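Just so it is clear, none of the values below were taken in a lab; they were calculated from the coordinates. On a predicted model such as this, the values are computed, not experimentally measured, just so you know. FYI the Cβ positions are ideal-geometry reconstructions off the backbone, even for glycines, and counts take in every protein chain you see.
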Amino acid sequence: MKKLRQAIMFLGQFSLLFGVIIFVLDAEKREKASRNQSWQVINNIDPEKINASAGRIEALQSLNKGCEQEQRPPKFISINGWQTWRSLPIIQGFYANCINLNKLNLKGANLSPIQLPWSQLKEVILIEANLENANLQGANLSNSMLSKVQLSGANLQDSDLSNSSLIEAQMKGTKLRNANLLKAHLMEADLTGADLRGANLIDANLNGANLTRVIFDRQTQPFEKIKDYLPDQGAYFIDFKEKTKANLETADLRQVDLSETNLEEANLRGANLGQADLKGSNLFAAILERANLRSTNFQQALLNDETQFQQAIYDEKMEKTFPRKWREKLRKTDLQNSRKCYN
């Protein structure tokens, strides 16, 4: 009886091992079938119905899944270690491959709000396409045709747009932090409120571009030349370490990453900081009177007695992130006509 139980246990373990082996061996076939299905969706959409792109968005995101996974290692694992792990033959079957999407023709396509972080999109045609609020962080869009593209509110942080044509592109509030715009053609582009901190604009053509209220810092290159393009009506110089006493009155800074930023003595009176990230920022003596602070992240922010919040608008989500030491001051300020929103 004992030997029979041992034999049954052995067979069970063997079956499990055999099942894992079959799963790994069949993984490539399954992924290939999934890729083929996605490519059929992308290539067979009727050009006359190109705006009905829900299926195309899903297909493109499916093909890009491996590229995103490559760049998002689990916590406590380095990016190099993660990519080495994924390349092991016995492991490869458990992860999707990063698919090359270069040279696609997506002219006029409605792809808002597609999620394609770290995608390979070199030499694509996206003329007059709608990519509003898209996530293209880390994407390689070099040498692409993006004239009259709609990129307002899109995340292009760390992306490569070098040598690309962005003539008359709509890029209001676009996140271009640390983006590579080397030799990009930005003539007549609307970059109102775009985040250009750390962006490389060397040899970019900005003739006629609207740079009203853009955000830049000393890492924006070429720094001195960029300043000559900035309009008289204002741009926002914000630096990580440098105390600039930035004048950000009534600035639209919604969803902007201002974490670890030196905003000491900054004028943020009436600024829209809804959903902005101020984690670890220096707000000593900053003026936030009448500012919109709904869902703003104040975790580990540095405040002092001179930080002003009179008539600011905030909500419970913001209050939960507010440094505990200063919550009483916020509540007292609330009694001085600040408005706490409960919906």
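A Förster radius of 35 Å combined with the Cβ-Cβ distance from Glu306 to Gln219 puts the calculated FRET efficiency at roughly 0.75. Across the alpha-carbon set of region 101-237, the Rg to Rh ratio works out to 0.94, Rh being the Kirkwood radius.
Contact order for region 101-237, expressed relative to its length and based on alpha carbon pairs under 8 Å spaced 6+ residues apart, stands at 15 percent. When only alpha carbons are used to place a centre, region 95-164 and region 197-254 end up 24 Å from one another. Annotation: amide H-H contacts under 5 Å for Thr261 (H modelled 1.01 Å from N, sequence separation of 5 or more, or interchain): Ser281, Asn282. Put in order of Cβ neighbour count within 10 Å, fewest first, the listed residues Phe284, Phe322 become Phe284, Phe322.
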